[in-house]
Amino acid sequence: MVPNGVVYNGFNPIFGYEIDVMNDVANTNYTRFFLNPIGKTQPTIYTNTFSFGELTDVGVRAFLVSSNDAISLQPILSQSWTELGYLPSYVFQAGVPFYVGLYTGFNFAPPYPPYPPYIYLDPVIGWAELENIRGTINVLNYALEYGGGGIYAGTQNIIPTPEPSELALAALGSLLLGFRRRQSFLKRF
């Protein structure tokens, strides 16, 4: 777990509500994203429409997730969730908490220069529970992990990384099963 991994910095008059995310294991570097209030959808008396922005550095990818979703590299790469981006706006109803999955790191994986969607070396994966409180985005809770296989949204439960020996055993089992199926297929002819 990464202590003090998500820091709420309140309202920035240029960018909107600022949320900083630790992106290295040494706990020395933050990247950030912003949710900028841009309007209201009807019927509401509070601002509920926001645009997404991020600091122009290594960056953090943010996804709309649900409680107990397994946030790991596989669903991130398969685009299992809506990723917050620059073009559309997002409606966050006042008084309704929501989760964002977080994916960042200190360095990009090749190719250089990197192109979206970014893949990070030594990834930091986590979640933040946010809420629109009368038009103001607030952080209610969060968790980040480094070095595991991911984390379950809304929990401190880390997804374990398979041991190399487990991966080798699974690969061997797949090969044997494939070989056995091929042998039974060939016996029919």
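Bear in mind these aren't lab numbers, they're just calculated from the coordinates by the rules spelled out. Quick caveat, the model's predicted, so the values are computed rather than measured. Every residue, glycine among them, receives a Cβ derived from its backbone with ideal geometry; neighbour counts consider all protein chains shown.
Before moving on, here are some points about what is shown:
- Note on I71, I159: ascending count of other Cβ atoms within 10 Å places them as I159, I71, the fewest first.
- Likely footprinting exposure, L102, L140, fewest C-beta neighbours within 10 Å first: L140, L102
- Reference-scaled alpha-carbon Rg (2.2 N^0.38 Å with N residues) for region 30-126: 1.17
- Across the chain, C-alpha contacts under 8 Å between residues 6 or more apart give a mean separation that, scaled by the residue count, equals a relative contact order of 19 percent.
- Test item: Cα-centred dipole of region 1-94, Lys/Arg +1 and Asp/Glu -1 on Cβ, debye: 240 debye
- Dimensions of region 43-94 along the principal axes, based on C-alpha atoms and rounded to the nearest Å, stand at 39, 30, 14, largest first.
- Extension reserve of the N12-T82 stretch, reckoned as 0.36 nm per residue once the Cα distance is removed: 22.7 nm
- Of D122, D20, D57, the one that fluctuates the most in a GNM where the chain has Cα springs shorter than 10 Å: D57
- Restricting the calculation to Cα atoms, the chain yields a radius of gyration followed by a Dmax of 20.3, 74 Å.
- Of the residues I45, I119, the one with the fewest other Cβ atoms within 10 Å heads the list, and the complete ranking is I45, I119.
- Dipole of region 7-103, positive end: most advanced residue of S80, G10, V91 [Cβ charges, Cα centre]: V91
- Placing +1 on the Cβ of every Lys and Arg and -1 on the Cβ of every Asp and Glu, with no other charges, gives region 6-158 a dipole of roughly 380 debye about its Cα centre.
- GNM result for the chain, Cα springs below 10 Å: residue of G59, G150, G95 fluctuating most strongly: G95
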